[in-house]
Amino acid sequence: MKKFGVLLSLVVACGGAEDAAVTRKAESENRDSGAPAEQGGGELARLDSGKPEQSDVCDPLQARPRPIALGTVLAAGAAGDGTFYVVTHGDTRAVRSLLFESVFVSEGDTLVRREALFSESRSVDGDLTEHSVMFLEGEQYLRLVFQTRGSSYTRMALVPDNKHETYYDDSIGKIELTVLPASAVTSKPVRNLPGVVGRSYSGMTADGKQVLLTAPLDDGGAARVFFGRESRLQEAPITSYRPGGDRVSASFSTDGRQASVGFALSGNPEFVTALSVDPHHLEPLQLLGTGIGPPDSWTFHCL
């Protein structure tokens, strides 16, 4: 037997208490709202029944950025042309780079998030620390370097990523920024990365259940799962998403239960492409595609 158990254990365990808490919260909200419990047949029977849904026919590949808050300002500065540069720490953790820092650059009066790729810090002297965050500006890699003393930032500069040391003393071509207080940026409107879909994964079980998992190209978006039959695949609340080299997997809530799906991306026999709606039953999936775009005949309904 192929070891999908490895994948499933990752899917279930990595979601862990957080997934359970999300499910419990959703169930509690349903009880509080007086919503009737689903009766008989489960999720697929409901989707096939033609029962009206609180959702619209939609394009699952359409970019959909997540709303975000600015977070805690770590440093803020202004260039000579009036452009603001802000480094923050908050709930906008990057999926691809695993950074907790976010970079925002002003466009008009709006702070627009950029894709942060790498960060590092070093102690200089006593409580003086230097920080460097690499980000993508169009097709150019830039860095914001700043110094902090205690909890206050004291200097900030914009530096081309020229493969040299990118702290203050060693930076080449740096542009000094005028340090701004956090209050100068915290009231500005904020816009996330576009949330472009970078890839989609689709599969079908032997009895016709179909599933689509979309993966964001940038950290402004979120993975999404659609589940059902060809004529109606309903978006399901996703509770965890794990990209990887050998497989991509996600957990989602359907019909009050926690389900998991995994797509094998390599020839590694440890992983197979399969769906688990019942924790005691594993259903192999026929892999239909791992590029951009599900089968044309599928119809999708978004939350």
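Any read-out appearing in this document is the output of simple, stated calculations on the displayed coordinates, not a laboratory observation. Quantities reported herein were computed from a predicted structural model and do not represent experimental measurements. With ideal geometry, Cβ positions are generated from the backbone for all residues, glycine too; neighbour counts draw on all protein chains shown.
Below, the figures for the structure above:
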| read-out | value |
| --- | --- |
| Packing-based exposure ordering (other Cβ within 10 Å, fewest first) of Ile175, Ile68 | Ile175, Ile68 |
| Residues Thr214, Thr273, Thr154, sorted so that the one with the fewest Cβ neighbours within 10 Å comes first | Thr154, Thr273, Thr214 |
| Residue-count net charge about Ser266 - beta-carbon cut-off 12 Å; Lys, Arg +1, Asp, Glu -1 | -1 |
| Least to most buried among His301, His280, His89 (fewest other Cβ within 10 Å first) | His280, His89, His301 |
